[in-house]
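Here's the structure we're looking at; comments come further down.
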Amino acid sequence: MHFKLIIAFVEDDKTDLVLDTSREFGAMGATVINHARGEGIKQSKTFFGLTLETQRDVLLLLVEEHLSRQILEEIAKAGEFDTKPGTGIAFQIDVEDAIGVMHQMEQLTPVVENEL
């Protein structure tokens with residue numbers, strides 16, 4: 001079984017929605033890193049030296065490769081990444097090897113077999 005790592009940078013008020021959506025489409029869990037900061041095309045506004053921006057969360061989702069594209073597309077819809085500028089981004093990278101996912105593999109095997 002092969003995995004992909006989906007990394008999503010999400011507005012903190014949409015984190016739960018994106019997590020729920022990822023589970024609905026096959027993710028078994030996630031790691032959430034709170035209070036990340038980033039900048040897009042436009043620089044953040046400041047007020048007396050304080051940056052005025054919404055907080056972001058970083059979501060790390062280790063998912064089975066056959067499910068990864070649909071999960072990526074669905075969390076992009078839920079987070080409105082393509083419809084509202086600055087709401088977040090997500091991408092996936094290949095995972096060469098993973099340890100500690102045996103329990104997930106047991107649960108994912110029938111799901112992936114149905115997909116194929």
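The values are calculated or read from the model by the stated rules, or taken from the named source; none is laboratory data. Every value quoted in this text rests on a predicted model; they were computed, and no experiment measured them. Counting neighbours? That spans all protein chains shown, and the Cβs are built from the backbone with ideal geometry, glycine included.
For this structure, a couple of remarks:
- Scanning the range 48-60 turns up no residue that is surrounded by 10 or more Cβ atoms within 10 Å (Cβ to Cβ), of a type in the set (A, V, I, L, M), within 18 Å of the chain's Cα centre (by Cα) and modelled with pLDDT under 95.
- Just one residue in the set ALA76, ALA90 is touching a helix residue (DSSP H, G or I) at 6+ places or on another chain (Cβ under 8 Å), modelled with pLDDT of 95 or more, crowded, with 18+ Cβ neighbours inside 10 Å and not in a loop (DSSP other than H, G, I, E, B); that residue is ALA90.
- Meets criteria (modelled with pLDDT under 85 and not aromatic (Phe, Trp, Tyr)) for GLU64: no
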